[in-house]
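Shown next, in structure tokens, is the structure this report addresses.
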Amino acid sequence: MLKNYLKTAWRNLLKNKAYSLINIGGLAIGIASFILIARYVIDELSYDRWNPDAENIYRINGDFRFGGDEVSLSVVSDPLGETMKNDYP
């Protein structure tokens, strides 16, 4: 039974070459897109999950002015961590 299905599919592939090529190409692009998007989503959702206190991780940005431009960077001085720990329980 399966052999008959494969034989019929092969005949249709040979008979409708352009249509089959478009369908197979579209399927390949769709599967590749799904894999890439799934890998990206898994990577984004797993960020900082190795830490048991992942929900308590915060980011402190420093706003700096260079010339006339204002830049926001995630770089702050080391004593700020201890100061924040003491001032905010």
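Before moving on, here are some points about what is shown:
- GNM top mover of Ile31, Ile60, Ile42 - the chain, alpha-carbon springs below 10 Å: Ile60
- Helix 17-45 axis, angle to the chain major axis (alpha carbon atoms, nearest 10°): 20
- Using θ = phi - 60° in the Karplus curve 6.51 cos²θ - 1.76 cosθ + 1.60, the 3J(HN,Hα) couplings for segment 62-67 round to x, 9, 10, 10, 10, x Hz; x is entered for Gly and Pro.
- Within the chain, the percentage of alpha carbon pairs spaced more than 18 angstrom apart rounds to 74%.
- Close Lys pairs in the chain, defined as Cα atoms under 22 Å apart and 8 or more places apart or on different chains, number 4.
- Take every Cα pair under 8 Å whose residues are at least 6 apart in sequence, average their separation, divide by the length of the chain, and the relative contact order is 12 percent.
- Evaluating 6.51 cos²θ - 1.76 cosθ + 1.60 at θ = phi - 60° for every residue in segment 76-89, the Karplus couplings come out as 9, 6, 4, x, 4, x, 5, 5, 5, 5, 6, 7, 10, x Hz, glycine and proline recorded as x.
Read-outs: derived from the displayed coordinates by stated rules, not from any lab. On a predicted model such as this, the values are computed, not experimentally measured, just so you know.
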